[in-house]
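Visitor: Please see the structure below; I have some questions.
The values are calculated or read from the model by the stated rules, or taken from the named source; none is laboratory data. These numbers were taken from a predicted model, which means no experiment stands behind them. So basically every Cβ, Gly included, is an ideal-geometry build from the backbone, and we count neighbours across all protein chains shown.
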2 protein chains.
Amino acid sequence: MTGPRYTKLAQSLPATVPFVGPEAQERAMSRPFAARLGANENIFGPSPKAIAAMEQAASGIWMYGDPESHDLRHALADHHGVTPQNIVVGEGIDGLLGYLVRLLVEQGDSVVTSDGAYPTFNYHVAGFGGVLHKVPYHDDAEDLPALLTKAAEVDAKLVYFANPDNPMGSWRSGADIVAQLDNIPDGCVLLIDEAYIELAPEGTAAPVDINDPRVIRMRTFSKGYGMAGARVGYAMGEADFIRSFEKIRNHFGMNRAAQAGALAALKDADWLAETQVKVAEARDTITGIAAKFGLKALPSATNFVAIDCGRDATYAKSILDGLVARGVFVRMPFVEPQNRCIRLSCGPSEALALFDEALEDVLAELG
Amino acid sequence: MTGPRYTKLAQSLPATVPFVGPEAQERAMSRPFAARLGANENIFGPSPKAIAAMEQAASGIWMYGDPESHDLRHALADHHGVTPQNIVVGEGIDGLLGYLVRLLVEQGDSVVTSDGAYPTFNYHVAGFGGVLHKVPYHDDAEDLPALLTKAAEVDAKLVYFANPDNPMGSWRSGADIVAQLDNIPDGCVLLIDEAYIELAPEGTAAPVDINDPRVIRMRTFSKGYGMAGARVGYAMGEADFIRSFEKIRNHFGMNRAAQAGALAALKDADWLAETQVKVAEARDTITGIAAKFGLKALPSATNFVAIDCGRDATYAKSILDGLVARGVFVRMPFVEPQNRCIRLSCGPSEALALFDEALEDVLAELG
């Protein structure tokens, strides 16, 4: 009785998870977190109109979602002043990253990212046999000039660049990015992950010509719109490029209630504006808490803040462990020198007060 | 300004869709269907407890779903008398089919299915460069002995077998299937798609040893549980085989409300039992309607019925077109000889009455 014959690539892959979920940590601790501030979620939550739309859609869940996500795609096209042919909706940016890598990367192909940037992208590149080249962060930000130089050097098919960045919260102006597009090497695609863009200052979104086939941008309803658990993201780009997703995507992969929720969320501009205010206030609160204890919060254009704990990764990890032990879920960057920081999500003042208390306690313990 | 460099495989693929959704047809007609009976959905819908669970989860959608689907996976393990390590939860069977093909099939590898069986499986095989070998249906059923013979002949890594079958609704006893497992060639996996199993007669589910690495079974909340739009499916099999999905699956791909809904649906055995009764009654109603007009409904172990229109595909298509023009959405099999039939979903009597009226009208028109 023999077993499955895996592909050579599948045999070579580890059974890894990009992140361990907070629920797994809660099960290990046998109690829930008092404050869930680690998973880059938007605790202020979605528009009440989005919630109502999802509730209403629940009884119609016997129907498959529209495989074209027609209504949402058209609304997004209007929102961005492009055509529906410039947009593909998918199962979160995570899902779309998988599709994009699959379209471009075969075994041995070069891909470029920053050392310490989004691990799920790296997971997909490994999963399709790509060779990942990493460029260091520069001043706690992803370094686009260095990424493009590296791309030319290794003949990369794809470059990952997040703006704003995760895990540091840094950002570049859209004009600065557009000024560098002619440095994209021939046959290379620049992927701009704009997951946090709704929470960034005006002018951060790169005003890329939608017909430029060298760039693809990804956005999500997980962050600014507060719907991480719905799994709705989209990619914007040149029409032929976008159409190529039709070759491989899971056409009936979208949750029908999530489609309805995203559409309602998009239409509720007031709620997004309120969220922007709340997130900005929470960033200030977190910065104040950090300063109170002599730690330095990094400027952030996202719904999280990285706090420089002022020493090495071991020290940051001991703070993180102390917070987790006290029921405050936070995470930290994976690599040096970013891993001198811990990272926590913005949230209501009660959650941040729990962080404040726990941090005081942890720092006292650590001395 | 050059564009993306696609993989050779991506370049070779067409931008096809396995199915056109009913919404696209409605947009083309500029009006909604009066009866949505074509998409293999369960119109009786999910358990009210599942609806309530999804409604409740809507306000918590700011949280990502548990990447381990821990609670659902454990409940499924209890339900089936296996361990959680024997189960992987995914974005519907469609999503899991993609992962399975990706794990096993690389360019040029042989895969076997039935001619006219589930097109989304074929889509995934093409999408990963597999070479698909098709075996004809036998007596309107997928022919497991012939599939396994073909698998040995072409050294297949994977065989697709649906029980009950879509689009014909036929089925084999689980004992009959298990008796053939020793005919699975070395290094070949038999995938049993049991999407409709909850609606089939007792004894249809193959009592496969969960530790047998030659077989993997897939199930879904889309059919019997009436939650197609939620996108929750699962695969059951030997623990190492199941663990291999961890290498490539989208760990954070599950909709959080869908996880909660599926868990509640699984626990509501009474609703499933009611659904089974309603589906059986609807099958009888459809059979009666067909007989009234001299057409023959095929026996079905699913929530749809194939109706043999008694002539060729052109005739069946003209009936289908007539029904669609009258606002009754149905589909038909893709290949001969199955395409002498139309196929419609079970549903409440009002929907079936609309079908009845429309069919009478269409047949009168066709003469």
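Visitor: Only residues in region B:303-325 that are touching a residue at least 12 places away in the same chain (Cβ under 8 Å) and surrounded by 14 or more Cβ atoms within 10 Å (Cβ to Cβ) count as the first member; pair them with residues that are among the hydroxyl-bearing types (S, T, Y) and assigned to a helix (DSSP H, G or I), Cβ under 7 angstrom, at least 6 apart or cross-chain, and list the lot.
Guide: Hits for this filter: B:V305/B:T287; B:C309/B:Y315.
Visitor: Of the residues A:A77, A:A39, which single one is without any contact (Cβ under 8 Å) to a residue 60 or more places away in the chain and touching a Ser or Thr at 6+ places or on another chain (Cβ under 8 Å)?
Guide: Selected residue: A:A77, the only one of A:A77, A:A39 that is without any contact (Cβ under 8 Å) to a residue 60 or more places away in the chain and touching a Ser or Thr at 6+ places or on another chain (Cβ under 8 Å).
Visitor: Moving to a separate point now. So A:A141 clears everything in (1) buried (at least 20 other Cβ atoms within 10 Å of the Cβ); (2) in contact (Cβ under 8 Å) with a residue 12 or more places away in the chain except one condition, right? Which one?
Guide: (1) is the only condition that A:A141 fails.
Visitor: Can you say whether A:A291 is surrounded by fewer than 20 Cβ atoms within 10 Å (Cβ to Cβ), out of contact with any Lys or Arg (no Cβ under 6 Å at 6 or more places or on another chain), part of a helix (DSSP H, G or I) and not basic (K, R), as far as the supplied structure shows?
Guide: So A:A291 passes the test.
Visitor: If you don't mind, another one. What do you reckon, is A:D139 within 14 Å of chain B (Cβ to nearest Cβ), of a type in the set (D, E, K, R) and over 19 Å from the mean Cα position of the chain (by Cα)?
Guide: For A:D139, the condition - within 14 Å of chain B (Cβ to nearest Cβ), of a type in the set (D, E, K, R) and over 19 Å from the mean Cα position of the chain (by Cα) - is not met.
Visitor: Restricting region A:148-175 to residues that are of a type in the set (D, E) and surrounded by fewer than 20 Cβ atoms within 10 Å (Cβ to Cβ), which is nearest to A:I93 (Cα to Cα)?
Guide: This residue is A:D155.
Visitor: When you scan region A:15-35, how many residues do you find that are without any contact (Cβ under 8 Å) to a residue 60 or more places away in the chain, facing chain B (nearest Cβ under 7 Å) and either of a type in the set (S, T, Y) or not in a helix (DSSP H, G or I) (or both)?
Guide: So the count comes out to 3.
Listed here are the residues, each with its yes/no results for (1) under 19 Å from A:G187 (Cα atoms); (2) part of a helix (DSSP H, G or I).
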residue: A:M63; (1), (2): no, no
residue: A:P67; (1), (2): no, no
residue: A:A77; (1), (2): no, yes
residue: A:G95; (1), (2): no, yes
residue: A:L103; (1), (2): yes, yes
residue: A:Q107; (1), (2): yes, no
residue: A:T113; (1), (2): yes, no
residue: A:H133; (1), (2): yes, no
residue: A:A146; (1), (2): yes, yes
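Visitor: Looking at (1) within 14 Å of chain B (Cβ to nearest Cβ); (2) surrounded by 23 or more Cβ atoms within 10 Å (Cβ to Cβ); (3) in contact with a Pro (Cβ under 9 Å, 6 or more places away or on another chain), which is the only condition A:I197 fails?
Guide: So the condition that A:I197 fails would be (1).
Visitor: Can you tell me which residues in region B:326-364 are among the small types (G, A, S), surrounded by fewer than 15 Cβ atoms within 10 Å (Cβ to Cβ) and either closer than 25 Å to B:G224 by Cβ or touching a residue at least 24 places away in the same chain (Cβ under 8 Å) (or both)?
Guide: B:S349, B:A353
Visitor: Now for a different question. Can you name the residue in region B:217-240 that is at the interface with chain A (Cβ under 9 Å from one of its Cβ atoms) and surrounded by fewer than 24 Cβ atoms within 10 Å (Cβ to Cβ) and is also farthest from B:A262 (Cα to Cα) among such residues?
Guide: The qualifying residue farthest from B:A262 (Cα to Cα) is B:D240.
Visitor: Still on this structure, I have one more. Give the residue that is farthest from the other protein chains (Cβ to nearest Cβ), with candidates limited to residues of region B:63-114 that are on the phi < 0 side of the Ramachandran plot and among the polar types (S, T, N, Q).
Guide: B:S114
Visitor: What residue, of A:A28, A:A24, is of a type in the set (A, V, I, L, M), surrounded by fewer than 18 Cβ atoms within 10 Å (Cβ to Cβ), over 18 Å from B:A260 (Cα atoms) and at pLDDT below 95?
Guide: After applying the criteria, what remains is A:A28.
Visitor: While we're looking at this one, here's another question. Exactly one condition in (1) closer than 26 Å to A:G90 by Cα; (2) at the interface with chain A (Cβ under 7 Å from one of its Cβ atoms) is not met by B:A260; state its number.
Guide: (2)
Visitor: Just one of B:R217, B:R231 is among the basic types (K, R), modelled with pLDDT of 95 or more, touching a helix residue (DSSP H, G or I) at 6+ places or on another chain (Cβ under 8 Å) and farther than 16 Å from B:A273 by Cβ; which is it?
Guide: B:R231
Visitor: Sticking with this one: How many residues are of a type in the set (G, A, S) and closer than 26 Å to B:R36 by Cβ if we restrict to region B:226-263?
Guide: Matching residues across region B:226-263 total 10.
Visitor: Same structure, new question: What residue, of A:G327, A:G261, is within 30 Å of A:G60 (Cβ to Cβ) and modelled with pLDDT of 95 or more?
Guide: A:G261
Visitor: Pick from region B:1-14 the residues that are buried (at least 16 other Cβ atoms within 10 Å of the Cβ) and in a helix (DSSP H, G or I): which of them is nearest to the other protein chains (Cβ to nearest Cβ)?
Guide: B:A10
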